[in-house]
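Remarks on the structure that follows.
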Amino acid sequence: MSTSNKSYGFGSVCVMEMDGLPKNFHPHGLPIYANSTFSFETVEEGVEAFKDPKNSYIYTRWNNPTIAAAERKLAQLEANGLTDKNNEPLKLYGRLFSSGMGAISSLFIGALDKGDKILAHGSLYGGTEELFNSVLPKMGIEVLIRDLKDLDETEKIINDNPEIKLLYLESPSNPTLDCYDIQALAKMAKLHDIQVGIDNTVSTPYLQQPFRLGVDYVVHSTTKFLNGHGTAIGGALIAKDADFLEKKAWDTIKLLGSNCNAFDAWLLYNGMMTLELRMERHCSNAQKVAEFLDDHKKVNKVNYLGLPAHPDHELAKTQMNAFGGLLSFELSGGMQAGIDFLNSVEFCTFAVSLGTASTLVSHPASMTHMGLSPDKRAEYGINDGLIRMSVGIENVEDIIEDLKNAL
Ligand SMILES: *Cc1c(COP(=O)(O)O)cnc(C)c1O
């Protein structure tokens, strides 16, 4: 609609688009397309768009250019430097969701049918475990939680349960940083026609590229290191199979309405620009903090993959580029020591979540994992004095000084 050289009523001017803005300009950064719908010049153009809705811009719950740009950047990061069977650069496809849980639930809804089973390990992200216990059973999907570090036992479970259609991993997992042998498990799964999905939130593609190790799907909570600044909730599902993503995963976005919004996608897109720099600093700071804690007399144990004493240090070296920004440690004084410590930190922030520029500390036994029975907590290595720490990108001396004082 042209708005020049005509006079319209006040209410019409309130509503209409403005003419006379330059058409041919090139913003240096990605704009936020904060619109719900997209217009067509002609009916023919509209018909073409509806013939190929996956690759057209019609309605933002379906597709949006800001969201698409962030999806492409993340998929390209997961594929960076990898090749396919024919030695061509690996092509991956991504979709963003309203949250990490949106992406995780869409993977299960998209990839599985009633009667299928998922095989997973313990100590998964709390929301995922709740989804397994409360939502998936209603859809007729059963989850087997087993010790996937024992490969012989895993093979036996797979042989005994032909209904297993998806192997689901989180490596490293939280808060004890357990790693699973992604390549060996993916190879075993392939022999039985089982698909493999992994939550790569804690590593990001900078530290670990699971597609190199044979997985079919990667999910992320982009809320964490990928956004990096704690400014938005978001999730992503990345796959090799464009059909899966554009049919089954897209259906959950379109029909269950778990789409990302343009502003959060824009924050993610900008956050990813500094991912490499931030991750380098997260890793080097975490290594120094872990070594400091390891030497401290009030600390019984430090769980950090960069310490040679961590049981998965060697495995992590084979599948990760560095050891990440996440660690946990056990205070010798138990529950009360944990509470006293968190009440004493000043520089570090007392909060759940992880992957923000600032250092976050939390106490799983009284917070994120309070819902688990003491037995389950013990099984997952979450003792009452365990502190989880997401080491930020500040000057490491200030983090260590704060810990020294709080301890
Ligand atoms: C935070 C988190 C999730 C859930 O992500 P949301 O964005 O909060 O929905 C899933 N997996 C891991 C490993 C997480 O840290």
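Overall shape of region 120-173 was characterised from the C-alpha gyration tensor. The equivalent ellipsoid obtained from it has semi-axes of 19, 16, 7 Å, in decreasing order.
Using the Cβ atoms and a cut-off under 12 Å, what net charge is assigned to the surroundings of Pro311, where Lys and Arg are +1 and Asp and Glu are -1? Around Pro311, the charge tally is -1.
In order along region 27-44, the Karplus-derived 3J(HN,Hα) couplings, from 6.51 cos²θ - 1.76 cosθ + 1.60 at θ = phi - 60°, round to x, 5, x, 6, x, 8, 8, 8, 10, 7, 10, 10, 9, 10, 6, 9, 4, 4 Hz, and Gly and Pro are given as x.
Using only the Cα atoms of region 76-199, build the gyration tensor, take square roots of its eigenvalues as a ≥ b ≥ c, and label the shape rounded, prolate or oblate: rounded if a/c is under 1.5, else prolate if a/b is larger than b/c, else oblate. It comes out rounded by the Cα gyration axes. Cross-link partners of Lys254 among lysines, defined as those whose alpha carbon lies under 23 angstrom from its own and excluding same-chain residues fewer than eight positions apart: Lys51, Lys54, Lys73, Lys114, Lys138, Lys240.
Given 0.36 nm per residue, what is the gain on full extension from Thr318 to Glu397 after removing their alpha carbon distance, in nm?
Numbers: separation 79, 0.36 × 79 = 28.44 nm, distance 3.00 nm.
Going from the current span to full extension adds 25.4 nm.
What the Cβ-Cβ distance of His296 and Ile145 gives, at R0 = 30 Å and to the nearest 0.05, is a FRET efficiency of 0.30. Note that region 328-377 presents 45 Å² accessible area per residue, ligands and nucleic acids not counted, probe 1.4 Å.
Averaged per residue, region 46-122 has 47 square angstrom of accessible surface, using a 1.4 angstrom probe with ligands and nucleic acids left out. Distant-in-sequence amide contacts of Val143, defined by a placed amide H-H separation under 5 Å and a gap of 5 or more residues or a different chain, comprise Ile118. Residues in region 255-271 carry Karplus couplings, in order, of 9, 9, x, 9, 6, 6, 10, 5, 5, 5, 5, 5, 4, 5, 4, 5, x Hz; the curve used is 6.51 cos²θ - 1.76 cosθ + 1.60 with θ = phi - 60°, and Gly or Pro positions show x.
Mean separation of Cα pairs under 8 Å and 6 or more residues apart, divided by the residue count, gives region 189-279 a relative contact order of 26 percent.
Applied to region 136-147, the Karplus parametrisation 6.51 cos²θ - 1.76 cosθ + 1.60 on θ = phi - 60° returns per-residue 3J(HN,Hα) values of 4, x, 5, 9, x, 10, 9, 10, 9, 9, 9, 7 Hz, with x for Gly and Pro. Over the residues of the chain, the helix contribution to mean residue ellipticity at 222 nm works out to -10000 deg cm²/dmol, using -39500 (n - 2.57) for each DSSP H run of at least 4.
For Asn259, the residues whose modelled amide H falls within less than 5 Å of its own, excluding neighbours fewer than 5 places apart on the same chain, are Ser98.
In percent, how large is the relative contact order of the chain, given Cα pairs closer than 8 Å and 6 or more residues apart? Intermediate values should be presented prior to the final figure.
Details: 733 pairs, mean separation 63.0, N = 407.
Relative contact order of the chain: 15 percent.
With the simple model of a label 7 Å out from the Cα in the direction of the Cβ, Asn24 to Ser39 spans 2.2 nm.
So, with a 1.4 angstrom probe, what is the percent of accessible area on the chain that is carbon and sulfur?
Details: 10160 of 19550 Å².
Carbon-and-sulfur percentage of accessible area, whole number: 52.
Could you tell me whether region 302-407 comes out rounded, prolate or oblate from its Cα gyration tensor? Rule is a ≥ b ≥ c as square roots of the eigenvalues, rounded for a/c under 1.5, then prolate if a/b exceeds b/c, otherwise oblate. It is oblate, given that a/c is not under 1.5 and a/b is not larger than b/c.
The values are calculated or read from the model by the stated rules, or taken from the named source; none is laboratory data. What you are looking at is a predicted structure, and each value in this text was computed from that prediction instead of being measured. Virtual Cβ from ideal backbone geometry, glycine too; neighbours counted across all protein chains shown. SASA here: full protein model, heavy atoms, side chains in, ligands and nucleic acids out. Shrake-Rupley method; radii C 1.70, N 1.55, O 1.52, S 1.80 Å.
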